[in-house]
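Please read the structure below before turning to the comments.
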Amino acid sequence: MAGQKATIGNATGKLQEMLDRSVESGRIPSAIGALGLEGEIEWLATSGEMGPGTPMREDAIIPLASAGKMYTATAVMLLVGDGNIGVDDPVSDYIPEFGELMVEDDAGLVSPESPVTIHHLLTHTGGLTVDGDRFWEAWNAHSGKTTTGHLARALAALPLQSHPGKGFAYGMTGASYEVLGAMVEVVSGQTLEEFMTDRIFRPLELKDSFFYLPDEKKHRLPAFYRMADGELVLERAMGEEFPRSRFFHGGGGVQASAADVLRFGRLFLEGGSVGAALLLSPPTVETMMTDQVGDLIPLPGLGWGYGAALRSASGAYGWVGGGYAKVWVDRALDMVAYFAFPLVPPGDAALLEELEQMLYAGLAAD
């Protein structure tokens, strides 16, 4: 493995150059990249500034957006491991409004052929309406304003766009995971923030992972920018985050440092444990990292497990958040990789893909 470490070490120079070029050209405002191997941080690089005159910090805390679904899936599987729920349970067992669903098809509103289950939500195959005017009306009424449960019940009031298990629909936000977050709250009796803190963050010693940052750590949140007419425009100043509410996004509310992301990723490389902390069983991790949707997913070369996508060719497991944060684990290399830059959605997913391709090209060349 020492040779493999050297190989990864030799592959990072071009990544740093790419980050620097992207910042200097104004493509992104700043960036952080990190690679972990065998539980150690092999590479951690930054470029650009946290805010005017403040260099980007290696311990910057950045929202993971939809990449945070890996944490919500882990929370759900913790409850499965506790024996409190089963993945084939109807969601209506925990959120009764899901027992009143109807499907909207060419014949009008009809009863679903089967109930929406937890498995369906984990795999975005429940048929939920996750886009369009009715969805966004519900989203805008509740996201950051009410609670996770309020949004879940609002989504249950919308007709399904397909029968459960018959199609893959992620939408813009991956809102099935908002419903999962609400279900975790119902089953555990805690908010999603409390549950993840008690069952994931603390056991794994993730000291810089939060839904909302404590005041003493807000200076580690970089300024966020948006792209407008080819120019970067300030969206939120350094240390400025969304106002705290009781809405905890199961679809991507976690914020974390690079070191914490790498440590969390080890969970999937070590069969559900990191150090002395045992969270999940090896079979559970294997299930999460196995394609569960087959041909239903409309993304070439990708499958979907629980919490993240899977590369069909390599089996690498991970996801992209907001087009600006990317996390994945590669079992063949025993590697966790993370790239992020504070550029609000739609971010620059193409750059994230370029960085991933550059990493593997560098490894292959060495």
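Before we move on, is Arg226 open to solvent by 30 Å² or more (accessible area, probe 1.4 Å), in contact (Cβ under 8 Å) with a residue 24 or more places away in the chain and under 20 Å from Leu79 (Cα atoms)? Walk me through it before giving the result.
Values: open to solvent by 30 Å² or more (accessible area, probe 1.4 Å): yes; in contact (Cβ under 8 Å) with a residue 24 or more places away in the chain: yes; under 20 Å from Leu79 (Cα atoms): no.
So Arg226 does not fit the description; no.
Give just the number: which of (1) in contact with a helix residue (DSSP H, G or I) (Cβ under 9 Å, 6 or more places away or on another chain); (2) closer than 29 Å to Ala259 by Cα does Pro55 not satisfy?
Status for Pro55: all satisfied but (1).
Can you say whether Ser314 is open to solvent by 10 Å² or more (accessible area, probe 1.4 Å) and farther than 30 Å from Ser30 by Cβ, as far as the supplied structure shows?
Values: open to solvent by 10 Å² or more (accessible area, probe 1.4 Å): yes; farther than 30 Å from Ser30 by Cβ: no.
No, not satisfied.
So, in the range 317-365, exactly how many residues are under 28 Å from Gly271 (Cβ atoms), touching a residue at least 12 places away in the same chain (Cβ under 8 Å) and open to solvent by 20 Å² or more (accessible area, probe 1.4 Å)?
The total comes to 7.
Is it the case, given these coordinates, that Ser257 is in contact (Cβ under 8 Å) with a residue 40 or more places away in the chain, touching a helix residue (DSSP H, G or I) at 6+ places or on another chain (Cβ under 8 Å) and open to solvent by 40 Å² or more (accessible area, probe 1.4 Å)?
Numbers: in contact (Cβ under 8 Å) with a residue 40 or more places away in the chain: yes; touching a helix residue (DSSP H, G or I) at 6+ places or on another chain (Cβ under 8 Å): yes; open to solvent by 40 Å² or more (accessible area, probe 1.4 Å): no.
Against the criterion (in contact (Cβ under 8 Å) with a residue 40 or more places away in the chain, touching a helix residue (DSSP H, G or I) at 6+ places or on another chain (Cβ under 8 Å) and open to solvent by 40 Å² or more (accessible area, probe 1.4 Å)), Ser257 does not qualify.
Scan Lys69, Lys14 and give me the residue that is in contact (Cβ under 8 Å) with a residue 60 or more places away in the chain and surrounded by fewer than 21 Cβ atoms within 10 Å (Cβ to Cβ).
Details: Lys69 fails: surrounded by fewer than 21 Cβ atoms within 10 Å (Cβ to Cβ).
The unique qualifying residue is Lys14.
For residues that are part of a loop (DSSP other than H, G, I, E, B) and either out of contact with any Phe, Trp or Tyr (no Cβ under 8 Å at 6 or more places or on another chain) or of a type in the set (Lys, Arg) (or both), scanning just the range 185-208, find the one that is surrounded by the most Cβ atoms within 10 Å (Cβ to Cβ).
Step one: filter the range 185-208 for residues part of a loop (DSSP other than H, G, I, E, B), giving 189-191, 202-208.
Right, trim to either out of contact with any Phe, Trp or Tyr (no Cβ under 8 Å at 6 or more places or on another chain) or of a type in the set (Lys, Arg) (or both) and you get 189-190, 202-203, 205, 207-208.
Values: Gly189: 8, Gln190: 15, Arg202: 13, Pro203: 17, Glu205: 13, Lys207: 14, Asp208: 19.
Among those residues, the one meeting the criterion is Asp208.
Go through the range 125-159 and give me each residue that's within 19 Å of Gly99 (Cα to Cα) and of a type in the set (S, T, N, Q).
Thr125, Thr129, Thr148
Listed here are the residues, each with its yes/no results for (1) modelled with pLDDT of 95 or more; (2) farther than 20 Å from Ala67 by Cα; (3) in a loop (DSSP other than H, G, I, E, B).
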| site | (1), (2), (3) |
| --- | --- |
| Asn140 | yes, yes, no |
| Arg153 | yes, yes, no |
| Ser162 | yes, yes, yes |
| Lys166 | yes, yes, yes |
| Tyr170 | yes, no, yes |
| Met183 | yes, no, no |
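Give me a count of the residues in the range 268-312 that are farther than 13 Å from Trp328 by Cβ and hydrophobic (A, V, I, L, M, F, W, C). It would help to see each step written out before you state the result.
Restricting attention to the range 268-312, the residues satisfying the condition of being farther than 13 Å from Trp328 by Cβ are 270-288, 290-301, 303-304, 306, 312.
From what's left, hydrophobic (A, V, I, L, M, F, W, C): 274, 276-280, 285, 288, 293, 296-297, 299, 304.
Looking only at that region, the number is 13.
Identify, by number, the condition in (1) out of contact with any helix residue (DSSP H, G or I) (no Cβ under 8 Å at 6 or more places or on another chain); (2) open to solvent by 40 Å² or more (accessible area, probe 1.4 Å); (3) in a loop (DSSP other than H, G, I, E, B) that Asp295 doesn't meet.
With respect to (1) out of contact with any helix residue (DSSP H, G or I) (no Cβ under 8 Å at 6 or more places or on another chain); (2) open to solvent by 40 Å² or more (accessible area, probe 1.4 Å); (3) in a loop (DSSP other than H, G, I, E, B), Asp295 is out only on (3).
Quick one: count up the residues across the range 88-115 that are more than 16 Å from Gly127 (Cβ to Cβ) and touching a residue at least 40 places away in the same chain (Cβ under 8 Å).
Summing the residues that are more than 16 Å from Gly127 (Cβ to Cβ) and touching a residue at least 40 places away in the same chain (Cβ under 8 Å) in the range 88-115 gives 1.
Return the residues of the range 35-65 that are surrounded by fewer than 23 Cβ atoms within 10 Å (Cβ to Cβ) and under 17 Å from the mean Cα position of the chain (by Cα); say none if nothing qualifies.
Once the filter is applied, which keeps residues that are surrounded by fewer than 23 Cβ atoms within 10 Å (Cβ to Cβ) and under 17 Å from the mean Cα position of the chain (by Cα), the range 35-65 yields only Ile61.
Quick check: is even one residue across the range 64-75 in contact with a strand residue (DSSP E or B) (Cβ under 6 Å, 6 or more places away or on another chain), at pLDDT 95 or above and assigned to a loop (DSSP other than H, G, I, E, B)?
yes
For the range 86-120, enumerate the residues that are outside any helix (DSSP H, G or I), touching a Lys or Arg at 6+ places or on another chain (Cβ under 9 Å) and open to solvent by 20 Å² or more (accessible area, probe 1.4 Å).
Just the residues of the range 86-120 that are outside any helix (DSSP H, G or I), to begin with: 86-90, 94-95, 101-117.
Now restrict to residues that are touching a Lys or Arg at 6+ places or on another chain (Cβ under 9 Å): 95, 113.
The answer is Glu113, and nothing else.
The values are calculated or read from the model by the stated rules, or taken from the named source; none is laboratory data. A quick note: this is a predicted structure, and the numbers were derived from the prediction, not measured. Neighbour counts run over all protein chains shown; Cβ positions are idealised from the backbone, glycine included. To get the accessible areas, we keep the full protein, side chains included, count just its heavy atoms, and leave off ligands, DNA and RNA. Shrake-Rupley method; radii C 1.70, N 1.55, O 1.52, S 1.80 Å.
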